[in-house]
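The values are calculated or read from the model by the stated rules, or taken from the named source; none is laboratory data. Owing to the predicted nature of the structure, the values given are computational and were not obtained by experimental measurement. Reconstructed Cβ throughout: ideal geometry from the backbone, glycine too, with neighbour counts over all protein chains shown. Heads up: the accessible areas ignore ligands, DNA and RNA and are worked out on the full protein's heavy atoms, side chains in. Shrake-Rupley method; radii C 1.70, N 1.55, O 1.52, S 1.80 Å.
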Amino acid sequence: MRRLERNRARAEEEESVFVTMTDMTISFLLIIMILLAFFATQLNDDETVPLTAYERVRQERDDLRVENQSLRSSVEALEAELARVTSDLETVTAERDRLRSELDQLRDENEALRTRVVELEEENEQLRSRIDQLVEEIEQLREEIERLQVVNPLEAYLSQAIDQRREILVELRDRLLIEFPELQVVISPEQDALRFQGEGLFRSGSSQLEPRQHAIVETMGRLLDEILVCFTLGERAERGPNCESGNALIEAVQIEGHTDSDGSDLSNLRLSTDRANATLLVMLSGDQAILAHQNLRGQPVMSVSGYGEMRPIETNETTEGKAANRRIDLRIIMYAPSTVEEVEAVGRRLDALRAAGGAE
């Protein structure tokens, strides 16, 4: 741009020089013409001018005309050059203005970009901070997962015991239904007892088992004895390859008697207890080996209890509800250690039982 300005100044200076020279030449010619005219007025008719002088003046005049013509041509050429340079200058000026506008625009864009870069850097810093926070949270979660993946022996044992109890009840129910399809027997919602409802075992108000109910209870005792060998201790205990009980142990198998609301509280307690005792006695009439099953403390796992009308499962306002409340529950209570040391002690005892061939 500075070069263009210098060229423009130089062109203006050259144009000024040529204009001055032209003016001087014309002025000089006018002076000569005036002098010639003056000399002509001073001449008389009888006066003559030497031919050589005339020829010299004439030649000088012609030379001045030629020089004047040359100067005019030079001036015209210079004017044309000046016009071209002026046009180029206008073009360059317009280009300069356009470039300045683009430069200003680029500066504005550059400033906007700088502002955006600052914003992005701030966002990037925030994201880095968030990433660091998330990495820390992930690390904490990993530690928590690792901690949770470490199996707590006590929790594992209790969970296994619950699963084993459910499997015992399902097996006992299914095997009873195979032999007695019409028997009303279900697993309690808590999945801790088999529930015999209605007239399945006892008539209303009676604790005596009918002959067909004898067969049901005897079969239940036989099936229960076959299952208990894998979950108890004592002379009947087994932990052979056919047992898939792990280290789960049964604390008690409780035969619970229940009644509907008919009758007095005391009579219903006696009736429910008599029904529980009658059920156990029928189990023992065929084979008393079921009493040999012991818990970890060496106590027989079989027991009875009567609750009368105190634990209904349905309303006593309907015939159907009363029939459901007159029932026997065969409840299984699993051994529940309270410390890891107790779990380890059970494991050692059962390992010794397996090493001895499956019986104590």
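Could you count how many residues in the stretch 134-164 are without any contact (Cβ under 8 Å) to a residue 60 or more places away in the chain and touching a Ser or Thr at 6+ places or on another chain (Cβ under 9 Å)?
Residues that pass the stated criteria total 0.
Pick from 297, 270, 275: which is within 30 Å of residue 156 (Cβ to Cβ) and basic (Lys, Arg)? Don't jump to the end; show me each part of the working.
Details: 270 fails: within 30 Å of residue 156 (Cβ to Cβ); 275 fails: within 30 Å of residue 156 (Cβ to Cβ).
That would be 297, the only listed residue that is within 30 Å of residue 156 (Cβ to Cβ) and basic (Lys, Arg).
Only residues that are closer than 19 Å to residue 286 by Cβ and within 51 Å of the chain's Cα centre (by Cα): list them for the stretch 195-222, please.
196
For the stretch 116-150, which residues satisfy the criterion of being of a type in the set (A, V, I, L, M, F, W, C) and either surrounded by 10 or more Cβ atoms within 10 Å (Cβ to Cβ) or in a helix (DSSP H, G or I) (or both)? Before the answer, list the steps.
Taking the stretch 116-150 and keeping what is of a type in the set (A, V, I, L, M, F, W, C), we get 117-118, 120, 127, 131, 134-135, 138, 141, 145, 148, 150.
Answer for the stretch 116-150, where residues must be of a type in the set (A, V, I, L, M, F, W, C) and either surrounded by 10 or more Cβ atoms within 10 Å (Cβ to Cβ) or in a helix (DSSP H, G or I) (or both): 117, 118, 120, 127, 131, 134, 135, 138, 141, 145, 148.
Identify all residues within the stretch 212-229 that are among the aliphatic types (A, V, I, L, M) and open to solvent by less than 20 Å² (accessible area, probe 1.4 Å); write none if there are none.
The first filter runs over the stretch 212-229 and keeps only residues among the aliphatic types (A, V, I, L, M), leaving 215-217, 220, 223-224, 227-229.
Within the stretch 212-229, 216, 217, 220, 223, 224, 227, 228, 229 meet the criteria.
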